[in-house]
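Worksheet: the structure to be examined is printed underneath.
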Amino acid sequence: MRKANLARIIQLLFLAVFLVLFVRTEYRGSDTISAAINSFFRADPLVVVSYLLSAHSLTWLLFPAVITLVFSTLLGRFFCGWICPLGTLLDLVTVRIKKSAPLRILKGNVKYWLLFPMLVAAFFHVNLAGVLDPIAILVRGLTFFLYPIFGHTVRSGWVDLYGLVGERRDYIAPAYAVLRDNILPFRDTFYPLAFLSGFMFLGIIYLERYESRNWCRNLCPLGTLLGLFGRFSIFRRSPSSLCDDCKACRAVCPCAFEGELLEPDNCLLCMKCQQGCRQHRVSFDLALPVPGHGPYLPERRVLLGGLLSGFLLAGSFRFRKPEAQARLLRPPGTGSEDEFLKKCVRCGECMKVCLTGALYPAVAQGGVEAVFTPVVTPRLGYCEYNCNLCGQVCPTAAIPSLPIEEKRRAVIGKAVLDKNHCLPYAKKTNCIVCEEHCPFPEKAIKSEEVEEIDRHGNKIKILRPYVVDELCNGCGICENVCPLEGKSGIEVFAVKDKSPLKAVAMAPADDQPSDPGAGDGSDPYGGTSAGKVGDPYGGGSGKESDVNRRAGAGDGSDPYGGAGAGKESDPYRGGAGEGGDPYGGAGTGVGQEVKSPARKKDAGRGASGDAPAGAGNRRKGNDGGKEVWEGENPYR
């Protein structure tokens, strides 16, 4: 067995840290994520260079990347050989892949034709670096493709295992609890562009069939950038060429020897040549760059071609369809579309942590330049009122990390009623589901009682909703819970003016008229709540730290909410009783949550964010757990 050198040990340590941070970049029952995978992006030199070129500014969040760039100038491509998790994975799999002849088409200046147009396009405010950044490719491949498959497979297998063991399933339930709380994704999610993300990641591994570190030496824009800075390195290998009587270094070096001479910009400082040298001739010492060893920059035609192609790339990728722009909803706190695209690195972390599954990667909504960037899709999920996880994990502050109070005021878009589909307008049928679920204390969606003539010529009184634009932040919960199949009767549209809502819209619920069926009146969603107030979902008598806890009794030991009495009917979340809520089963309380058959499940997300009932201004109370309503409401 070959002895592992220091570089390999550190590689494995960084890979382990990467995987742990990836798994921890997930909702685990806490309102904050202290450590996330964004640490690797904040140390990524390609991210900081493209950010600087596109935004024409710098954020302190990317200061670690500046340090990495400085040390790369002094030491060479140590990041590729010691830190990069994708490079480590390639080193682990390449020894198990039989090699064929190298691809001649990848040799030469292909890597510069990828890097230079990308940097020039960034200078003209089209930042595409995240599309080919190796860490972004790895994270997207895991987030969109491999991790969802892993979570779905484990959950499905555990359900089958429960069926096999029958009544003895309680003996193995603790093992599943460990997996659920620490390893599995919070929800089953299947993303668009999942196969493209998986294809890019697996394609890089497939290139190892032709030569080791094929991606790193011939294509990777991050490695090419570090190689350019590494040409000024004062830490160099001696001798700089193969020994005439040995030439064994070529066999162990992953990518620095194409001919007889060492290529400094391809040396990863892995030290394998030094470890494998039987004559002990190889050493790495401090030495000034040797003049005439090679040009510091690629030939002139590559530079000029990169400049021209980057300019053309920036112009051709800026086209956006106006009709698609109307529904291009960005996460809360983002400014204009142009400013957001300058900073977004397309890592997918915000989509991974989204509590309700509202964020998906853009496909064609924002044009080619917006591919892989996050968009809010209200029909599949909504922006949770008490959640700011996406801003916490964004590595470049493209989604700013806002306090909860400011995040609630951040405007995503504005809700608009479609009177051709909305039931009270189109069919003269009572429906106020959107009003009930609006999380704002003063309700951004209100209803008015109007007199109409039904299709039989009779006068009827119905409740008809309307939107108060000054109070709406476009969270999308109204569109998400609309009982209509397919197209919703209310939709959220993007707006250019994203000025935060005025503070009056965020008035505490204590200052508003209390709902006769809403307990203490401090719960904007309604529902009788036992114990302390402060849970916006009216969550039971346990602790109030979980923003996603549903109504339930017990001590709140389940971080996903509602650990009640009785056997667990949901092996995913361990809720009690008849709970069908993937965030926690219905507890043992009476009449704590309005069960509406109009509330839909999200077929596209697996376990969807089935929201609790709203405050319900027209609810009179409860009778033995059964809600009593004023007037006829066929959707209750």
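The values are calculated or read from the model by the stated rules, or taken from the named source; none is laboratory data. On a predicted model such as this, the values are computed, not experimentally measured, just so you know. Heads up, the Cβs are rebuilt from the backbone with ideal geometry, glycines too, and the neighbour counts pull from every protein chain shown. Each accessible area value is taken on the protein alone, full model and side chains, heavy atoms only, with ligands, DNA and RNA left out. Shrake-Rupley method; radii C 1.70, N 1.55, O 1.52, S 1.80 Å.
Eigenvalues of the Cα gyration tensor times 5, then square-rooted: what semi-axes does that give for the range 102-156, in whole angstrom, largest first? Show your work: numbers first, answer last.
Working: eigenvalues 206, 63, 6 Å².
Values for the range 102-156, descending: 32, 18, 5 Å.
In whole Å and largest first, what semi-axes does the C-alpha gyration tensor of the range 322-395 yield when each eigenvalue is scaled by 5 and square-rooted? Please list the in-between numbers first.
Values: eigenvalues 66, 40, 24 Å².
Whole-Å semi-axes of the equivalent ellipsoid: 18, 14, 11.
Which order do the peptides 23-29, 241-247 come out in when sorted by mean C-beta neighbours inside 10 angstrom, highest first? Walk me through the numbers before you get to the answer.
Details: 23-29: 18.7, 241-247: 12.0.
My ranking of the peptides, most packed first, is 23-29, 241-247.
Please list Ser39, Ser283 in order of solvent-accessible area, largest first, computed with a 1.4 Å probe with all protein chains present.
Order by accessible area, largest first: Ser39, Ser283.
Quick one: which of 227-233, 369-375, 348-354, 190-196 comes out on top by average Cβ neighbours within 10 Å, and what's the full order, highest first? Don't skip to the answer; put the middle values down first.
Values: 227-233: 20.6, 369-375: 23.1, 348-354: 25.9, 190-196: 16.6.
By packing density, highest mean first, the sequence is 348-354, 369-375, 227-233, 190-196.
Quick one: grab the alpha carbon gyration tensor of the range 352-421, order the square roots of its eigenvalues as a ≥ b ≥ c, and give me rounded if a/c is under 1.5, else prolate or oblate depending on whether a/b is larger than b/c. Spell out each step's value before the answer.
Numbers: a/c = 1.87, a/b = 1.14, b/c = 1.64.
It comes out oblate by the Cα gyration axes.
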